[in-house]
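Below is one structure, written out as structure tokens, with a few remarks after it.
Derivation of every value follows stated rules applied to the coordinates shown; laboratory data play no part. Note that the structure is a prediction, hence the values are computed from the model and not measured. Positions of Cβ are backbone-derived with ideal geometry, glycine not excepted, and every protein chain shown enters the neighbour counts.
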Amino acid sequence: MTRVAFFDTKPYDKVWFGRLCSEYEVEIVYFESKLSEKTSALAADFEVVCAFVNDSITEEVIESLYAGGTRLLAMRCAGYNNIDFKAAFGKIHVVRVPAYSPYAVAEHAMALLLSSVRKIHHSYVRTREFNFSLNGLVGFDLHGKTVGVVGTGKIGRVFIDICKGFGMRVLAYDPYPDEKLGVTYCSFEELCKESDIISLHCPLTEESLHLINRESIAMMKDQVVLINTSRGALVDSQALLEGVRSKKIGAAALDVYEEEGELFYEDKSTTILDDDTLMLLIAMPNVLVTSHQAFLTREALGNIARTTLSSIASYVKGEVMEHEICYQCDTCHKVTGQRCF
Ligand code: NAD
């Protein structure tokens, strides 16, 4: 049995990993705390550590894990902007789950878009109090509107198909366009200028950090609707708040938030938040926030557990790990068919 230290555990993780771990000869020790500089000592003597999207895997954490004997970090998520890969290289192999259900995230993006433009979040609250008034609930048809999709990878292209089904005109921006996709690519600037709705489906990188900022918001159509199910820091939250307050932005629906790390996935309902920007955004009638739940479907959770456990099994057997990543990914195992180091 391979023992795995599992950080940031939620009840649904235990259900899906619990069902499959014996099949992969893995024994999991669950920790509720996030993996961070304060908690990395818990992983001492665990060769394998499993972490999640808001864990903070800094150089110090890598050094501490390595000193404690950890040699594999299995991320049970797709994004990996929270890892210091340079520090990990040569010490700890890192695997992730690149695709578990693009449908889960793309469908959530559409759920946010529909809820937002048809004001379902307001209707739900009203009818629970037997308030059947329609005042203030006027929305607009998606049919015929232009949606700008930023990032046409696995999730972006599913979202594009959904939007086409709604009869929307689709524009896309991606630095690596796929000409076979049958979508009209344009520059990011054109996308900002022409879209009624903008949905983000690109990773967080140095280039995409604060892609949505004061300048790009200024280029957008008045009353633009912004959907972000990718990573919070793609959007400068302060600029977004200003855009909402100035009524430039018609609506924003966010599944991710720049400073979500200490907040999302936790019950903070009896706490006074320190984050004024988030509090003000949530207080806006045209801002809808979900707490990084776009991935949360049964299908996705099952796939996450199976892919993560399968990568752990490959590591234990000394095999090449299909989903290994590192900071020099493009020049290592993908080319040579070896592990990253
Ligand atoms: P992917 O790698 O398949 O596609 C990403 C696409 O973005 C690629 O085509 C890439 O060329 C493009 N891209 C890279 N930099 C860009 C930039 N600066 N501007 C525009 N496009 C750029 O990834 P995916 O599986 O489609 O996932 C997309 C993102 O969704 C992930 O990076 C992750 O941050 C996010 N995500 C969120 C959740 C959630 O629960 N909210 C779950 C899974 C993934």
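Among 111, 294, 233, which one shows the biggest mean-square fluctuation in a GNM of the chain, springs joining Cα atoms closer than 10 Å?
Maximum among the listed residues: 111.
Give me the distance between the Cα centres of the range 261-293 and the range 143-210, rounded to whole Å.
The distance from the Cα centre of the range 261-293 to that of the range 143-210 comes to 27 Å.
Placing +1 at every Lys and Arg Cβ and -1 at every Asp and Glu Cβ, with all other atoms neutral, what dipole size does the chain have around its Cα centre, in debye to the nearest 20?
1040 debye
Under 17 Å from the 7 Å Cα→Cβ point of residue 71, by amide nitrogen: which residues of the range 6-32?
Counting only backbone N, you get 26-27.
Please compute the Kirkwood hydrodynamic radius of the chain from all pairs of different C-alpha atoms, in Å with one decimal.
That comes to 21.3 Å for the chain.
GNM, the chain, Cα, under 10 Å: largest mean-square fluctuation among 203, 285, 98?
In this elastic network of the chain, the residue with the biggest mean-square fluctuation among 203, 285, 98 is 285.
With r defined as the distance between the Cβ atoms of residue 137 and residue 276 and R0 fixed at 30 Å, what FRET efficiency is calculated, to the nearest 0.05?
Efficiency at R0 = 30 Å is approximately 0.60.
Can you pick out the pairs among 164/247; 10/119; 86/164 whose Cα atoms lie more than 32 Å from each other?
Listed pairs above 32 Å: 86/164.
What nm distance separates the two modelled labels at residue 338 and residue 23, each placed 7 Å from Cα along Cα→Cβ?
Output for this residue pair reads 3.3 nm.
With a Förster radius of 41 Å, plug the Cβ-Cβ distance of residue 269 and residue 179 into 1/(1 + (r/R0)^6) and report the FRET value to the nearest 0.05.
Here the calculated transfer efficiency is 0.30.
Give the order of 1, 284 when sorted by the count of other beta carbons within 10 angstrom, beginning with the fewest.
Fewest-to-most Cβ neighbours within 10 Å comes out as 1, 284.
Connecting C-alpha atoms closer than 10 Å in a GNM of the chain, tell me which of 278, 72, 113 has the biggest fluctuation.
Among 278, 72, 113, the largest mean-square fluctuation in the Gaussian network model of the chain belongs to 278.
Between residue 209 and residue 130, what is the FRET efficiency for a Förster distance of 35 Å, r being their Cβ-Cβ separation, to the nearest 0.05?
On the way: r = 46 Å, r/R0 = 1.31.
About 0.15, to the nearest 0.05.
Bin all alpha-carbon pair distances of the range 102-289 at 10 Å intervals from 0 and give each bin's fraction as a whole percent.
9, 37, 37, 14, 2, 0
What is the spin-label model distance, in nm, from residue 1 to residue 190 if the labels are put 7 Å beyond Cα along the C-beta direction?
5.9 nm
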